[in-house]
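**Student:** This is the structure I want to talk about, given as structure tokens.
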Amino acid sequence: MDDNKNIKILRGDPRKALIKIALPMIFSLLLISFNHIIDRIWVASLGTDALAAIGFVTPIFMIIIGIGNGIGAGANSLISRHIGSNEYDEASNTALHSIIIVSVLSILIPAIILPYYDQIVSIMGANTIIAYTRDYGIILVLGTFAFLFNILFSSQLRLREI
């Protein structure tokens with residue numbers, strides 16, 4: 001089988017390969033950072049309590065993102081191995097199972113966090129601003145499915161870029 005242009009890049013200069021793989025991830029992380037910066041600028045106009053609430057919700061959000069990144073990277077690695085071994089049915093099976101895992105987690109994470117949300121942020125020290133953390137955090141927790149599926153699909157689509 002002839003190597004396509006992307007395989008040649010991966011087998012060639014490691015710097016070029018790293019840049020080709022890393023740039024989409026860097027761009028994605030920059031977009032997330034800009035989102036947080038814009039959130040903080042806008043919320044700062046609402047007052048210091050609202051701004052502090054974002055600070056308490058951010059670790060919960062980052063844990064959800066970390067779970068998504070872990071599943072996405074693991075699925076990406078396993079799918080790549082199967083494709084490299086010409087095991088296309090196994091690659092498809094892995095992709096399907098990663099979608100099922102994310103679907104289940106998209107239900108479980110909010111189901112676990114939401115009933116204990118006030119206690120979680122209270123343990124973090126947000127006793128005086130629980131109402132603000134609830135207003136912001138519950139929306140993020142309910143949006144878990146969007147974050148997880150976005151990360152998973154972008155990881156799986158990254159296979160097509162390489």
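The values are calculated or read from the model by the stated rules, or taken from the named source; none is laboratory data. Please read these numbers as outputs of a predicted model, since none were measured by experiment. Cβ coordinates were reconstructed from backbone atoms using ideal geometry, including for glycine residues, and neighbour counts include every protein chain displayed. When the accessible area is computed, the model is the full protein with side chains, heavy atoms only, and any ligands, DNA or RNA have been set aside. Shrake-Rupley method; radii C 1.70, N 1.55, O 1.52, S 1.80 Å.
**Student:** Given Cβ point charges of +1 (Lys, Arg) and -1 (Asp, Glu) and nothing else, what value in debye, to the nearest 20, does the dipole of the chain about its Cα centre take? Please report the intermediate quantities before stating the final value.
**Tutor:** Details: 11 positive and 11 negative charges, 105 e Å.
Around 500 debye, computed over the chain.
**Student:** Tabulate in residue order the Karplus-calculated ³J(HN,Hα) for region 39-45, using 6.51 cos²θ - 1.76 cosθ + 1.60 with θ = phi - 60°, rounded to whole Hz; enter x for Gly and Pro.
**Tutor:** 4, 5, 5, 5, 5, 4, 6
**Student:** In addition: What does the C-alpha gyration tensor say about the overall shape of region 14-72? Classify as rounded when a/c is under 1.5, otherwise prolate if a/b is larger than b/c, or oblate.
**Tutor:** Because a/c hits 1.5 or more and a/b fails to exceed b/c, region 14-72 counts as oblate.
**Student:** Related question: So what is the calculated 222 nm ellipticity per residue for the chain, using -39500 (n - 2.57) for each DSSP H run with n of 4 or more, over all residues, to the nearest 500 deg cm²/dmol?
**Tutor:** Value at 222 nm, helices only: -29500 deg cm²/dmol.
**Student:** If you plug each phi of region 133-147 into the Karplus form 6.51 cos²θ - 1.76 cosθ + 1.60 with θ = phi - 60°, what whole-Hz ³J(HN,Hα) values come out, in order, with x for Gly and Pro?
**Tutor:** Per-residue couplings from phi come out as 5, 5, 4, 8, x, 5, 4, 5, 5, 5, x, 3, 4, 5, 5 Hz.
**Student:** State the Cα centre-to-centre distance between region 15-79 and region 113-145 in whole Å.
**Tutor:** Value for the Cα centre distance between the two parts: 18 Å.
**Student:** Assign one of three labels to region 54-161, namely rounded, prolate or oblate, based on the Cα gyration tensor with a ≥ b ≥ c the square roots of its eigenvalues; rounded applies when a/c is under 1.5, prolate when it is not and a/b is larger than b/c, and oblate otherwise. Could the numbers behind the result be given before it?
**Tutor:** On the way: a/c = 3.64, a/b = 2.92, b/c = 1.25.
Because a/c hits 1.5 or more and a/b exceeds b/c, region 54-161 counts as prolate.
**Student:** Within the accessible area of region 29-151, what % is carbon and sulfur when the probe is 1.4 Å and the other protein chains stay in place?
**Tutor:** Carbon plus sulfur share of accessible area: 70 percent.
**Student:** Among 126-133, 36-43, 23-30, how do they line up by average Cβ neighbours within 10 Å per residue, starting with the highest?
**Tutor:** The packing order, highest mean first, is 126-133, 36-43, 23-30.
**Student:** For the chain, build the charge dipole from Cβ charges (+1 Lys, Arg; -1 Asp, Glu) around the Cα centre, then report which of Ser155, Phe27, Ser45 sits farthest towards its positive end.
**Tutor:** The residue sitting farthest along the positive end of the dipole is Phe27.
**Student:** Against the longest principal axis of the chain, how steep is helix 88-113, in degrees 0 to 90 to the nearest 10, with axes from Cα atoms?
**Tutor:** The angle comes out near 0 degrees.
**Student:** Taking only protein heavy atoms and a 1.4 Å probe, what accessible area per residue, in Å², does region 1-137 have with all protein chains in place?
**Tutor:** Heavy-atom accessible area per residue stands at 65 Å².
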